[in-house]
Every structure is written in C-alpha cells, then in structure tokens.
1. When region 39-76 is examined, which residues are found to be in a helix (DSSP H, G or I) and touching a strand residue (DSSP E or B) at 6+ places or on another chain (Cβ under 8 Å)?
2. In the list S19, S88, which residue meets the criterion of being among the polar types (S, T, N, Q), part of a helix (DSSP H, G or I) and either surrounded by fewer than 16 Cβ atoms within 10 Å (Cβ to Cβ) or at pLDDT below 75 (or both)?
3. Considering only residues that are surrounded by fewer than 22 Cβ atoms within 10 Å (Cβ to Cβ), in contact with a helix residue (DSSP H, G or I) (Cβ under 6 Å, 6 or more places away or on another chain) and aliphatic (A, V, I, L, M), which ones fall in region 31-67?
4. Can you tell me which residues in region 42-58 are modelled with pLDDT under 85 and under 20 Å from N142 (Cα atoms)?
5. What pairs can you find where one residue is in region 71-96 and closer than 30 Å to I33 by Cα, the other is modelled with pLDDT under 80 and part of a strand (DSSP E or B), and their Cβ atoms are less than 9 Å apart, with a gap of 6+ or different chains?
6. Quick one: E35 ticks every box in (1) in contact with a Ser or Thr (Cβ under 8 Å, 6 or more places away or on another chain); (2) at pLDDT 80 or above bar one, so which box is it?
Amino acid sequence: MDEKKITFVDQTFRDAQQSLWGFTMRTDHITPIAEVMDQVGFKSIGTVGGHGMTVQTRILGEDPWERIRLLSKMMPNTPLETSFMIASLASFDIDTPRSIIELWIKRCVANGIRSFWNCDYQTDMETVRYFSEIAKNEGAKNVGGLMYTFSPAHDSEHWHARPE
C-alpha cells in the first residue's frame with residue numbers, strides 16, 4: 001500500500017442520519033445518490049448497524065437486508081461497511097446472545113457488507129477478537145475503532161489499568 005495515499009470512508013448513510021435523524025433515512029432517500037457515491041472513490045461507505053436496522057424495521061417498515069443488497073448492487077466499486085457492538089444489536093441496554101451476533105455478522109456478509117467497524121470501545125477485547133475473527137473468516141475486513149475520551153471515569157489510572 002502506498003503510505004502517502006489518503007483514503008476516505010464516507011459515513012453519510014450511517015452517522016449523518018444517526019446523528020441528525022435518529023436512523024430514519026429511508027432507502028428511497030439514499031438510492032438517488034448511491035451510484036454517484038460509488039464513483040467518488042471512497043475506501044468504503046458506512047451504513048447502519050444493528051441499532052439502525054432495528055429502527056429501519058420498527059419505525060420505517062423496511063427490510064434492512066434488502067437495503068444492503070440494493071446498495072451493494074448500486075455501488076459495486078465501493079465496499080459497504082457497517083458496525084457492531086459485542087453486547088447488543090438492538091439497544092444499548094438489552095444484551096444479545098453471542099450466537100445471534102455471530103449470525104448477524106454472517107448474514108451481513110452474505111447480503112453485501114464487505115467491511116466491519118468494531119465500535120465497542122475496548123471493554124472486552126477477547127469478545128472483540130472473537131467477532132472480528134468471524135467477520136474475517138466470512139471474507140470481510142474488520143476495522144478496529146480506537147476511542148479515547150476524558151471523563152471522571154476515564155482518568156489516567158483507568159487508561160493504565162490492565163484488564164484482569
């Protein structure tokens with residue numbers, strides 16, 4: 001890889017709607033621009049993960065797998081990327097069994113996701129590694145996100161502590 005090359009990942013279909021619209025961007029909002037986005041040359045284009053898929057199903061009445069398949073066809077040159085959390089696919093406070101998250105990763109790849117961004121903030125690196133291996137074994141890339149923040153709970157002692 002050329003070390004001087006700069007690449008970009010577009011997060012409009014994921015973070016822009018997550019932050020501004022609470023995941024309520026419908027598929028027909030995305031499809032008019034999808035082919036143009038494919039021509040830009042992004043390294044990947046992010047799309048919603050489990051939480052967004054929940055909203056897409058419950059609120060919008062859409063099939064999230066159909067959206068992935070459609071966008072994969074409309075953007076054949078740009079890998080679709082999604083994110084996962086190691087504890088839950090549907091909510092921040094409802095645990096999802098490991099086997100369900102594993103199945104979800106496999107179905108994402110089968111429907112057109114080519115890259116995963118793990119956004120789990122290093123709380124359980126062994127489980128992060130486990131799910132990352134599943135994505136890799138299914139033929140997808142896995143990008144680990146490193147998060148850092150200042151807060152009363154995230155002081156120097158916290159960052160220097162080693163997990164048990």
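1. V40, G50, I68, L71, S72
2. Of S19, S88, the one residue that is among the polar types (S, T, N, Q), part of a helix (DSSP H, G or I) and either surrounded by fewer than 16 Cβ atoms within 10 Å (Cβ to Cβ) or at pLDDT below 75 (or both) is S19.
3. A34
4. Passing the criteria: V48, G49, G50, H51, G52, M53.
5. Close Cβ pairs (under 9 Å, with a partner that is modelled with pLDDT under 80 and part of a strand (DSSP E or B)) amount to S83/N118; F84/N118; M85/N118.
6. (1)
Residue-by-condition table, conditions (1) exposed (fewer than 14 other Cβ atoms within 10 Å of the Cβ); (2) modelled with pLDDT of 80 or more; (3) of a type outside the set (S, T, N, Q); (4) not in a loop (DSSP other than H, G, I, E, B):
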position	(1), (2), (3), (4)
T78	no, yes, no, no
T96	no, yes, no, no
I101	no, yes, yes, yes
I105	no, yes, yes, yes
C108	no, yes, yes, yes
A135	no, yes, yes, yes
G139	yes, yes, yes, no
F150	yes, no, yes, no
P163	yes, no, yes, no
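Yes/no matrix, rows are residues, columns are (1) within 17 Å of the chain's Cα centre (by Cα); (2) of a type in the set (V, I, T); (3) more than 20 Å from E138 (Cβ to Cβ):
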residue	(1), (2), (3)
T31	no, yes, yes
L60	no, no, yes
T82	yes, yes, no
L103	yes, no, no
C108	yes, no, no
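The values are calculated or read from the model by the stated rules, or taken from the named source; none is laboratory data. Only a predicted model underlies this, so the values are computations on that prediction, with no experimental measurement involved. Reconstructed Cβ throughout: ideal geometry from the backbone, glycine too, with neighbour counts over all protein chains shown.
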